[in-house]
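Chemist: After the structure tokens below, expect a handful of questions from me.
The values are calculated or read from the model by the stated rules, or taken from the named source; none is laboratory data. Predicted model, so just to flag it, every value in this text is computed and none were measured. When we count neighbours, we look across all protein chains shown, and the Cβ atoms used for this are built from the backbone with ideal geometry, even at glycine. Note: areas computed on protein heavy atoms with side chains; ligands, DNA, RNA excluded. Shrake-Rupley method; radii C 1.70, N 1.55, O 1.52, S 1.80 Å.
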Amino acid sequence: MPRPQPDPANGRPAAKLPDRTEVLVVGGGIVGCSVAYHLTRRGVTDVTIIEQGKLTGGTTWHAAGLVSQLKSSHSLTRLATYSARLFEELGEETGQATGYRTAGSISVAADEERWEEILRGASMAKASDVVTEVIGLDRVKEMWPLLNVDDLIGALYIPHDGQTSPVDTTLALAKGAKSRGARVIEGTAVEKLVARNGRVVGVETERGYIEVETVVLATGIWTRQLAATIGVNVPLQACEHFYVVTEPLEGMSPGMPTVRDPGGYTYLKEETGKIMAGFFEPRGKVWGLDGIPRDFSFGTLPEDWDHIGPVFERAVHRVPVLGECGLQLFFNGPEAFTPDGVYYLGMAPEVDGCFVAAGFNSVGLQSAGGVGWALAEWIVDRHPPMDLTAVDIRRVFPFQGEPRYLAQRIPESLGLLYAMHWPFRQYESARNQRLSPIHDRIEAAGAVFGEVAGWERPNWFALEGQERVYEYSYGKQNWFEASGLECQAVRDAVGFFDQSSFAKFRVEGPGAVAALNGICANDVHVPAGKAVYTQWCNDRGGIEADLTVTRVGETEYLVVTAAASGSRDWARLRRGCVDHDVTISDITDELAMFGVMGPNSRALLSELTSADLGNDGFPFGTTQRIEVAGYDVRALRLTYVGELGWELYVPREDACSLYDAIFEAGGPHGLKHAGYHAMNSLRLEAGYRHWGHDITDEDTPIEAGLGFAVGWEKASFVGRDALLTQRRLPRAKRLIQFRLEDPDLLLYHDEPIYRDGKLVGRTTSGMWSYVENRCLAMGYLEHPGGVTEAWLEAGTFEIEVATRRIPATASIRSFYDPLNQRVRG
Ligand SMILES: Cc1cc2nc3c(=O)[nH]c(=O)nc-3n(C[C@H](O)[C@H](O)[C@H](O)COP(=O)(O)OP(=O)(O)OC[C@H]3O[C@@H](n4cnc5c(N)ncnc54)[C@H](O)[C@@H]3O)c2cc1C
């Protein structure tokens, strides 16, 4: 029987361990305490927080205290604004002051590009109800007299941004949780997690075993290590994060707003009459790659002027007094960073009941309120309370958990916090993780690669003599012309897409029809040889996945989904097949996949195969195994670009030879390589939705205009009841296509949409259309009476870009080939 050990922090015996708890939150930082606080607010009172040291002793205690609200997407902004509201009210509720104050913040720009980035953010803020104000530099100087504004060209003020005390706020959350029954056990480390039959059942602590129903890993920089004890992959890595605190200075007084100077990699905060200056240098410094010591509680790391010196010089330029005054503190502490700079939330795909809330990339404090709320709802309701795709832990891949990969990528992801967030920005580090079998060939053909899910994918093909680099801007980038020619080839002749990165699963066995028909919204009980476009919905009818399910034999299906959704969709497929007599296998790496798309695709492929590719011999939406250039190929007549075309699936070992044969025959047909930027433009013209942007688990097929892909006659499938109910109601929310009536401006996502001057929605994705010679976008509109054709026609639409409202045309149907005639041609 383990005996209570003295708590290392205060020498008192640590609290008694329960034998069992409904929810065990591992980690007593601000995130763990917030999760426990919100669970108890939802009525779950059998909650235990277990902390190896003392509450806040991980990363939380040394946070700078910034609480900003505007984030990179609508969902993350919603969580951050929730935090600000909560921290404001928490003191009164719990009797523990949080130190929260609404000091506001100012973001400054010293060049046009940064200014455009900030202004685009300001527009996005409107769609998320965050108040912003463009202010003059004289006003900036008034609010921050020590700031050098001489070289600035603009400043954005966010009046409701705040600052809080990390320790006091965490203690208030813990107090709130305890007052509703939660236990807090300090001085006790969880040594490993225990899972049985794919479900977490308990934890081994240094003082004994605790049986659990649900575990939450809110373990900050330690999470990768602990999660690995049950095979859960949480790819994060500690990086050093630096700030300095000056001596008291004249000109600094309480209530001053935070200043963000991303171009100078610096943030500035008033702290009891001193300046706290923190840095996000262009390349971060990883720490503890081989593991984080368990006793690193309230720990600090040594100063490193060689590393931070160049950035400090930029800060001195912005606040000259920094170069002259005394520094009372040089602080260096570790924080958890992730490969894509976004935190992890949700249930691990590998083990049921194991939830993760970690990897906060220096925004954990300001995110913690919203994150605690969202995860508590997720745990109780078994689904996220809103679209949380961007942060969902199911986006990770095994290779990302490798220390070698993290050592390369994490310094870059820290640097990207304050770097320009260019559209189409590509990572520079840790590339070439996964290569298509024809990688060398497409590279030789001029491919300029981007990375998705570790795959190197051709985004565009450089023109003769063109340098293979991105020149970023918010406007038409240097690949504009090249990509336009690729689109033209697909629309007028034929284009070749290497889609080998798409995730491919085989589902085989007598239970295959039943298993898949339970998950798929569409009816996949179709004759062998038929491909079915379908969504996988949740109980509320929200779209969890968007894919094709092709019946390749009586008891065999091929499931194909986007590369980025591979892990997530695999997890759902695995869970959906548990009670059925089926075997599932991930065959992504076994098969190359080529898209041969365009009006000349039939003529081109007919030169290489004796199969009848005519409308009768090979109708749209069907598949056949055919010989192409002597190779055994599974051909599927489908398209994501709105043209006649075939997807060809071929064993990896035959991929290069098939590619050679296609290009040998392709010349006379106008065959051209095409990349993913072209694909994105073509699919938007054709009105095809992109999962994760245009369709998420918050949007139903009805709202997304995908009701045609629902098997309404099926007796049951996940989400059926919700969809049937919604079908009877007016379409109060609906995905609409837009054309921005400006010859140069580009849309990306989250831009506000106005009808007759009133905010009615925001964009979900945007891309230039070479056919329309304008930017196209999609976006959900909301109108309680129904978003109908008549309502659209009766209104005048505008989309806001960088604070300017630009006229736009709205349409229910796609702008290109609205009747889908070309696909069936
Ligand atoms: C210098 C600096 C300044 C920052 N400034 C800001 C800011 O201004 N605004 C902002 O939003 N964010 C800021 N951050 C980031 C913020 O501090 C973190 O994102 C946040 O504190 C993370 O909280 P957490 O609860 O996830 O992690 P932690 O606070 O690290 O909590 C995790 C806890 O888990 C415990 N634990 C780990 N393993 C085990 C185990 N096996 N058993 C039991 N317990 C375990 C640890 O002891 C730790 O207490 C800053 C970070 C740094 C380094």
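Chemist: Taking one equal scatterer on every alpha-carbon of the stretch 236-297, how large is log10 of I(q)/I(0) by Debye at q = 0.12, 0.19 1/Å?
Modeler: -0.43, -0.79
Chemist: State in Å² the accessible area per residue of the chain; use a 1.4 Å probe, count heavy atoms of protein chains only, and round to the nearest integer.
Modeler: With all protein chains present, the chain gives 37 Å² per residue.
Chemist: How do 180, 85 stack up against each other in accessible area, from largest to smallest, with a 1.4 angstrom probe?
Modeler: Largest to smallest exposure gives the sequence 85, 180.
Chemist: Same structure again: Rank 753, 452, 55 by how far each Cα sits towards the positive end of the charge dipole of the chain (+1 on Lys, Arg Cβ; -1 on Asp, Glu Cβ) and give me just the farthest.
Modeler: Farthest along the dipole direction, towards plus: 55.
Chemist: Can you list residues from other chains, or at least 5 along the same chain, whose modelled amide H is less than 5 Å from the amide H of residue 801?
Modeler: The list, which skips near neighbours in sequence, is 806.
Chemist: Calculate, in whole percent, how much of the Cα-Cα pair population of the stretch 717-769 lies beyond 14 Å.
Modeler: Tail of P(r) above 14 Å: 66 percent of Cα pairs.
Chemist: Hey, another quick one. If the stretch 445-542 were replaced by its equivalent ellipsoid, with semi-axes equal to the square roots of 5 times the Cα gyration tensor eigenvalues, what would those be, largest first, whole Å?
Modeler: Result for the stretch 445-542: semi-axes of 39, 16, 14 Å.
Chemist: At R0 = 41 Å, how high is the FRET efficiency between residue 324 and residue 101 if r is their beta carbon distance? Nearest 0.05 is fine.
Modeler: 0.90
Chemist: Rank these residues by their accessible area, most exposed first, probe 1.4 Å: 87, 298.
Modeler: In descending accessible area the options line up as 298, 87.
Chemist: Over the stretch 609-730, what is the mean sequence separation of C-alpha contacts under 8 Å (at least six apart), divided by residue count, expressed as relative contact order in percent?
Modeler: 14 percent
Chemist: Kindly give Rg over Rh for the stretch 300-440, based on alpha-carbon atoms, with the Kirkwood expression for the hydrodynamic radius.
Modeler: Ratio of gyration radius to Kirkwood radius: 1.05.
Chemist: Hey, could you pull the Cα Rg and Dmax for the stretch 378-483, both in Å?
Modeler: For the stretch 378-483, the Cα radius of gyration and maximum Cα-Cα distance read 16.9, 58 Å.
Chemist: Ignoring any ligand, DNA or RNA, what whole percent of the accessible area of the stretch 542-595 comes from carbon and sulfur when the probe is 1.4 angstrom?
Modeler: 46 percent
Chemist: Tell me, in nm to one decimal, what length is gained between residue 422 and residue 663 on full extension, where the rule is 0.36 nm per residue of separation less the Cα-Cα distance?
Modeler: Working it through step by step, the gained length comes to 83.3 nm.
Chemist: Another question, if that's okay. Keeping all protein chains in position, work out how much accessible area residue 287 exposes to a 1.4 Å probe, and write it in Å² to the nearest 10.
Modeler: 50 Å²
Chemist: Could you tell me which of 115, 79, 159 has its Cα farthest along the dipole of the stretch 71-167 towards the positive end, charges placed at Cβ (Lys, Arg +1; Asp, Glu -1), taken about the Cα centre?
Modeler: 79
Chemist: Now, a different point. Tell me, what ³J(HN,Hα) does each residue in the stretch 26-33 have, in order and in whole Hz, if you take phi through Karplus 6.51 cos²θ - 1.76 cosθ + 1.60 with θ = phi - 60° and put x for Gly and Pro?
Modeler: 8, x, x, x, 5, 6, x, 5
Chemist: What is the distance in Å between the Cα centres of the stretch 538-603 and the stretch 771-825?
Modeler: Going from one Cα centre to the other spans 30 Å.
Chemist: How big is the Cα convex hull of the chain in projection, averaged over all directions, in nm²?
Modeler: About 34.8 nm², averaged over all directions.
Chemist: Using a 1.4 angstrom probe and counting only protein chains, how large is the accessible area of residue 240 in Å², to 10?
Modeler: For residue 240, the solvent-accessible surface is approximately 10 Å².
Chemist: Keeping all protein chains in the complex and leaving out DNA, RNA and ligands, what accessible area do you get for residue 131 with a 1.4 Å probe, in Å² to the nearest 10?
Modeler: Counting only protein heavy atoms, residue 131 exposes about 80 Å² to solvent.
Chemist: Amide H neighbours of residue 478 under 5 Å, counting only residues 5+ apart in sequence or on other chains, H built in-plane at 1.01 Å?
Modeler: Under 5 Å from the amide H of residue 478 lie the amide H atoms of 471, each far enough along the sequence or on another chain.
Chemist: Count charges around residue 308 for me, please; just the other residues with Cβ under 13 Å from its Cβ, Lys/Arg as +1, Asp/Glu as -1.
Modeler: -3
Chemist: If you bin the C-alpha pair distances of the stretch 185-244 every 5 Å from 0, what whole percents do you get?
Modeler: The percentages, shortest bin first, are 4, 16, 26, 24, 14, 8, 5, 3, 1, 0.
Chemist: For the stretch 55-155, what is the convex hull (Cα atoms) projected area averaged across all directions, in square nanometres?
Modeler: 8.3 nm²
Chemist: Divide, for the stretch 145-220, the radius of gyration over alpha carbons by 2.2 N^0.38 Å, where N is the residue count.
Modeler: 1.91
Chemist: According to the Kirkwood expression over distinct Cα-Cα pairs, how big is the hydrodynamic radius of the stretch 420-471, in Å?
Modeler: The answer is 11.7 Å.
Chemist: Hey, another quick one. For a Förster distance of 22 Å, can you work out the FRET efficiency between the beta-carbons of residue 20 and residue 199, rounded to the nearest 0.05?
Modeler: So, using R0 = 22 Å, E works out to roughly 0.90.
Chemist: Quote to one decimal, in nm, the extra length available between residue 578 and residue 708 on full extension: 0.36 nm per residue of separation minus the C-alpha distance between them.
Modeler: Using 0.36 nm per residue and subtracting the Cα-Cα distance, I get 44.0 nm.
Chemist: First select every other residue whose beta carbon is under 10 angstrom from the beta carbon of residue 176; then total the charges, Lys and Arg +1, Asp and Glu -1.
Modeler: +3
Chemist: With a 1.4 Å probe and every protein chain kept in, tell me what percent of the accessible surface of the stretch 245-324 is carbon plus sulfur.
Modeler: The C+S portion of the solvent-accessible surface of the stretch 245-324 is 52 percent.
Chemist: Any idea what the dipole of the chain comes to, in debye rounded to 20, about its Cα centre with Lys/Arg Cβ at +1 and Asp/Glu Cβ at -1?
Modeler: Dipole about the Cα centre, nearest 20: 1900 debye.
Chemist: Now a separate question. What's log10 of I(q)/I(0) for the stretch 645-733 at q = 0.13 Å⁻¹, Debye sum over Cα points only, no solvent?
Modeler: -0.70
Chemist: Now for a separate question. Taking K and R as +1 and D and E as -1, what net charge do the other residues with C-beta under 12 Å from the C-beta of residue 349 add up to?
Modeler: Charge balance in the 12 Å sphere: +2.
Chemist: Here is a further query. From a point 7 Å beyond the Cα of residue 606 in the direction of its Cβ, which residues of the stretch 669-683 have a backbone N at a distance under 18 Å?
Modeler: 669-671
Chemist: Okay, next question. What percentage of the solvent-accessible surface of the stretch 642-749, computed with a 1.4 Å probe over protein heavy atoms, is contributed by carbon and sulfur atoms?
Modeler: Exposed carbon and sulfur together represent 51 percent of the surface.
Chemist: Also: Using only Cα atoms, locate the centre of the stretch 450-476 and the centre of the stretch 196-222, then give the distance between them in Å, rounded to an integer.
Modeler: Rounded to whole Å, the Cα centres lie 44 Å apart.
Chemist: Using 0.36 nm per residue, how much length does the chain from residue 771 to residue 381 gain when fully extended, once their Cα-Cα distance is taken away?
Modeler: 135.9 nm
Chemist: Please give the per residue volume of the convex hull enclosing the alpha carbon atoms of the stretch 336-402, rounded to a whole number of Å³.
Modeler: Hull volume over Cα atoms, normalised by residue count, gives 82 Å³.
Chemist: Relative contact order for the chain: what is it in percent, counting Cα pairs under 8 Å that are at least 6 residues apart?
Modeler: Result for the chain is 11 percent.
Chemist: Still on this model: Could you tell me the relative contact order of the stretch 500-587? Use alpha-carbon pairs under 8 Å, at least six residues apart, and round to a whole percent.
Modeler: After rounding, I find 43 percent.
Chemist: If you don't mind, there's one more thing I want to ask. Taking the Cα-to-Cβ direction at residue 46 and at residue 721 and moving 7 Å from each Cα, how far apart do the two end points lie in nm?
Modeler: The modelled label-to-label distance comes out at 2.6 nm.
Chemist: While we're here: Given the DSSP H assignment, sum -39500 (n - 2.57) over each helix run of at least 4 residues in the chain and divide by its residue total; what's the result at 222 nm in deg cm²/dmol, nearest 500?
Modeler: Only helices count here, giving -7500 deg cm²/dmol.
Chemist: With the cut-off at 1.5 for a/c, could you classify the stretch 729-825 from its C-alpha gyration tensor as rounded, prolate or oblate?
Modeler: Cα axes put the stretch 729-825 in the oblate bin.
Chemist: OK, next. From the protein chains alone at 1.4 Å, what is the descending order of accessible area for 22, 789, largest first?
Modeler: Of 22, 789, the descending order of accessible area is 789, 22.
Chemist: Right, something else. Determine the equivalent ellipsoid of the stretch 526-600 by diagonalising the alpha-carbon gyration tensor, then write out the semi-axes as square roots of 5 times the eigenvalues, largest first, rounded to whole Å.
Modeler: Each semi-axis is the square root of five times an eigenvalue, giving 22, 16, 14 Å.
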